[in-house]
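The values are calculated or read from the model by the stated rules, or taken from the named source; none is laboratory data. Bear in mind that the values here come from a model prediction, so they are computed numbers and not experimental data. Here the Cβ positions follow ideal geometry from the backbone for every residue, glycine too, while neighbour counts run over all protein chains shown.
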Amino acid sequence: MKADIHPTYHFIKVTQTDGSTYVTRSTYGKEGDNLNLDIDNLTHPAWTGGSQQLLDRGGRLSRFNNRFAGLSFAKK
């Protein structure tokens, strides 16, 4: 490997949404930094079964639904 081109790899503390923490190695921040997660395996629909609703940020989902409401992809 070339010298001085790779990021430093060090220990950080990760805090999940429920407040539980664990220590892992990462290139994030610097040694001893804390990474607070907004989405983790406790809240993400991929792990929770998908019971959460889609968020309509900025009206994009509403605009999409209104724009393509008349289209039908069903076989006739």
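Return only the number of the condition from (1) among the polar types (S, T, N, Q); (2) in a loop (DSSP other than H, G, I, E, B); (3) at pLDDT 80 or above that ASN65 does not satisfy.
(2)
Pairs please, first residue from region 47-76 and within 30 Å of THR17 (Cα to Cα), second anywhere and in a loop (DSSP other than H, G, I, E, B) and at pLDDT below 75, Cβ atoms under 7 Å, 6+ apart in sequence or on different chains.
LEU61/LEU54; SER62/ASP56
Those residues that are of a type in the set (A, V, I, L, M) and assigned to a strand (DSSP E or B), I need them from region 1-19; list them, please. It would help to see each step written out before you state the result.
Keep residues of region 1-19 that are of a type in the set (A, V, I, L, M), which gives 1, 3, 5, 12, 14.
Of everything in region 1-19, those that are of a type in the set (A, V, I, L, M) and assigned to a strand (DSSP E or B) turn out to be ILE12, VAL14.
In this structure, does TYR22 turn out to be among the aromatic types (Phe, Trp, Tyr) and part of a loop (DSSP other than H, G, I, E, B)? Outline the logic, then answer.
On the way: among the aromatic types (Phe, Trp, Tyr): yes; part of a loop (DSSP other than H, G, I, E, B): no.
So TYR22 fails the test.
Just name the residue that is farthest from the chain's Cα centre (by Cα) out of those in region 33-47 that are part of a loop (DSSP other than H, G, I, E, B) and either β-branched (Val, Ile, Thr) or more than 10 Å from THR15 (Cα to Cα) (or both). Before you say what the answer is, go through the steps one by one.
Here is the first cut: in region 33-47, the ones part of a loop (DSSP other than H, G, I, E, B) are 33, 37-44.
Those still in the list that are either β-branched (Val, Ile, Thr) or more than 10 Å from THR15 (Cα to Cα) (or both) too: 33, 39, 41-44.
Working: ASP33: 19, ILE39: 5, ASN41: 10, LEU42: 12, THR43: 10, HIS44: 8 Å.
Per the criteria, the residue is ASP33.
Being at pLDDT 90 or above, surrounded by 10 or more Cβ atoms within 10 Å (Cβ to Cβ) and either out of contact with any Asp or Glu (no Cβ under 6 Å at 6 or more places or on another chain) or not in a loop (DSSP other than H, G, I, E, B) (or both) is the requirement here; does LYS30 meet it?
Numbers: at pLDDT 90 or above: yes; surrounded by 10 or more Cβ atoms within 10 Å (Cβ to Cβ): no; either out of contact with any Asp or Glu (no Cβ under 6 Å at 6 or more places or on another chain) or not in a loop (DSSP other than H, G, I, E, B) (or both): yes.
In short, no.
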